[in-house]
1. Could you work out the helix-only [θ] at 222 nm for the chain, with each DSSP H run of four or more residues adding -39,500 (n - 2.57) and the total divided by the number of residues, to the nearest 500 deg cm²/dmol?
2. Rounded to the nearest 0.05, what FRET efficiency is calculated for V60 and T119 with R0 set to 45 Å and r the Cβ-Cβ distance?
3. What is region 3-183's relative contact order, in percent, from Cα pairs under 8 angstrom and six or more apart in sequence?
4. Mind listing the phi-derived Karplus ³J(HN,Hα) values for region 152-163, rounded to whole Hz, using 6.51, -1.76 and 1.60 with θ = phi - 60°, and x for any glycine or proline?
5. Pick from S25, S48, S169: which residue has the top mean-square fluctuation in a GNM of the chain where Cα pairs under 10 Å get a spring?
6. Explain nothing, just compute: Karplus ³J(HN,Hα) = 6.51 cos²θ - 1.76 cosθ + 1.60, θ = phi - 60°, for every residue of region 81-94 in order, whole Hz, x for Gly and Pro.
7. With the alpha-carbon atoms as the only input, what is the per residue convex hull volume for region 71-154 in Å³?
8. Gaussian network model of the chain, Cα springs within a sub-10 Å range: biggest mean-square fluctuation belongs to which of E131, E13, E185?
Amino acid sequence: MSTKLSNGITVPEKQEWRTEDLSLSNIADYKPFIMVDGPGVRCSVYVSGCKFLCPGCYNVAAQNFNYGTPYSKALEDQIIDDLRQPYVQGLTLLGGEPFLNTGVTLQLVRRVREEFGHTKDIWSWTGYTWEELLEETDDKKALLKAIDVVVDGRFIQALMDLTLRFRGSSNQRMIRVPESLQTGEIVLWTDEYDQ
Ligand code: SF4
């Protein structure tokens, strides 16, 4: 059973929540060519369903696994076509919880790698912390290994900071996934604007 802490943070048991039990493979929204969900121009996919239920969540409607419309081959083809534009830097996965919708998100990131290799980067937001993900189910670890940057952790209202780039609260980290997995230490993502 998950527990709720006094600050509103929900902590699931290890491997308690599973895509196969929860996800309806619904998409809350798709936004091509936007510049707020990571660096550069990006295509953002918002999946439906999240169990963390953070107070102050930026996308309450997408907490519901029933919300939105079913993921489809037509949408996937549209995303791939949009990513093909040379000015698009990459794909962003948000929600909802991308790691509780791996039926959609793993399929999509694998297609993106097939089509573009590593010429497009892939970012994902998640309510799980990095440390939690490393002990999670195989599908979540597979998704983690397939992406470039994960923005981790629940949104915590008491730690909200509007000056942060790409994050809502200061507990959340932008983590370079391949480098962190390789070294066993968290390597944070930064760019010239963070110097
Ligand atoms: S993890 Fe993200 S999507 Fe889920 S409830 Fe918290 S803020 Fe909302």
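The values are calculated or read from the model by the stated rules, or taken from the named source; none is laboratory data. The structure presented is a predicted model; accordingly, all values stated were derived computationally and were not measured. As a convention, Cβ positions derive from the backbone with ideal geometry for all residues, glycine included, and neighbour counts pool all protein chains shown. Quick note on the areas: whole protein, heavy atoms, side chains included, nothing else; ligands and nucleic acids left out. Shrake-Rupley method; radii C 1.70, N 1.55, O 1.52, S 1.80 Å.
1. Counting only the DSSP helices, I get -7000 deg cm²/dmol.
2. E between V60 and T119, to the nearest 0.05, is 0.80.
3. Details: 365 pairs, mean separation 37.7, N = 181.
In percent, rounded to a whole number, it is 21.
4. Each residue's phi maps through the Karplus curve to give 9, x, 5, 7, 10, 4, 5, 10, 4, 9, 6, 8 Hz.
5. It is S169.
6. Coupling constants for region 81-94: 4, 5, 5, 5, 4, x, 7, 8, 7, x, 9, 10, 10, 9 Hz.
7. That works out to 86 Å³ per residue.
8. E185
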